[in-house]
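Take a look at the structure below.
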Amino acid sequence: MATAAYPPGGTFFDTLKRSFTNVPVDASKNSAISTTEFLEASESLVTLFDVLGSVAFNPVKSDMTGNVKKIRDRQLAAPADSSTLQDLVKNELKEKKHTATEGLLWLTRGLDFTAQALRQNIDNSTEELSNSFRASYSNTLKPHHSFIIKPIFSAAMGATPYRKDFYAKLGEDQTKVQAELVPWLESLEKVVGVTKDFMASKEAKW
């Protein structure tokens with residue numbers, strides 16, 4: 001039996017080490033995103049797949065966790081050059097390396113996948129999660145996956161819980177859940193928008 005993913009009287013968002021609402025994005029420096037906070041928020045987001053509750057999501061989790069590690073390894077190796085994601089990428093590419101840069105590209109796709117699925121589900125109040133996740137997968141990760149990987153991820157999309165069960169796992173008070181989910185998702189969407197634009201720019205090409 002699945003246990004609740006939240007403390008008594010609270011919500012799932014109380015369990016996060018860091019929320020995307022607390023990831024600094026410096027508008028005065030071309031929307032520079034602070035590396036440490038971004039990685040902590042990404043790791044916290046991965047725990048959402050535990051709430052989804054199926055082992056089918058393990059490949060999604062391990063993929064995102066592995067990409068977080070690639071970025072963090074680079075940050076630890078060159079901390080002075082890695083305070084923001086943009087600096088980390090530009091400085092890594094100067095060294096003719098792209099392990100962390102590629103990690104950020106894939107992590108961005110994973111975050112985008114999560115954001116689009118939740119956005120579609122919130123905006124369509126009767127849609128089941130499996131439909132929202134399938135649509136998001138087609139828009140985000142699927143075009144970049146090989147024919148070997150696609151069935152593994154497709155299985156995960158079909159293994160999502162019923163809508164009502166998922167939201168119940170996020171918190172007992174659904175008004176409170178929505179009040180915390182929406183700003184978290186909006187912040188995630190903002191960060192994903194910045195990283196997608198940056199990763200599509202010439203500065204992030206290898």
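The values are calculated or read from the model by the stated rules, or taken from the named source; none is laboratory data. Computed from a predicted structure; not experimentally measured. Neighbour counts run over all protein chains shown; Cβ positions are idealised from the backbone, glycine included.
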Tally, over the range 37-78, of residues that are closer than 19 Å to residue 133 by Cβ, in contact (Cβ under 8 Å) with a residue 24 or more places away in the chain and among the hydroxyl-bearing types (Ser, Thr, Tyr): 3
The residue from 93, 105 that alone is of a type in the set (A, V, I, L, M) and either over 26 Å from residue 33 (Cα atoms) or in contact with an Asp or Glu (Cβ under 9 Å, 6 or more places away or on another chain) (or both) is 93
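Matching residues to (1) within 16 Å of residue 59 (Cα to Cα); (2) of a type in the set (Val, Ile, Thr); (3) in contact (Cβ under 8 Å) with a residue 24 or more places away in the chain:
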residue	(1), (2), (3)
125	no, no, no
128	no, no, yes
138	no, no, no
153	yes, no, yes
187	no, no, yes
Here are some conditions: (1) buried (at least 16 other Cβ atoms within 10 Å of the Cβ); (2) part of a helix (DSSP H, G or I). Residue 160 meets all but one. Which one does it not meet? (2)
Output the number of the condition that residue 182 fails; it satisfies all remaining conditions of (1) among the β-branched types (Val, Ile, Thr); (2) farther than 15 Å from residue 45 by Cα; (3) assigned to a helix (DSSP H, G or I); (4) touching a residue at least 24 places away in the same chain (Cβ under 8 Å). (2)
Residue 105 in a helix (DSSP H, G or I), of a type in the set (A, V, I, L, M), under 26 Å from residue 19 (Cα atoms) and touching a residue at least 40 places away in the same chain (Cβ under 8 Å): yes
Unique residue being over 30 Å from residue 26 (Cβ atoms), loosely packed, with under 15 Cβ neighbours inside 10 Å and of a type in the set (Gly, Ala, Ser) when the list is 155, 179: 155
Of all residues in the range 3-44, which are assigned to a helix (DSSP H, G or I) and touching a helix residue (DSSP H, G or I) at 6+ places or on another chain (Cβ under 7 Å)? 12, 13, 20, 21, 22, 35, 37, 38, 39, 41, 42, 43
Tally time: how many residues in the range 145-157 are over 20 Å from residue 119 (Cβ atoms) and assigned to a helix (DSSP H, G or I)? 6
Got a sec? Which of 112, 87, 81 is touching a Lys or Arg at 6+ places or on another chain (Cβ under 9 Å) and either surrounded by fewer than 19 Cβ atoms within 10 Å (Cβ to Cβ) or modelled with pLDDT under 95 (or both)? 81
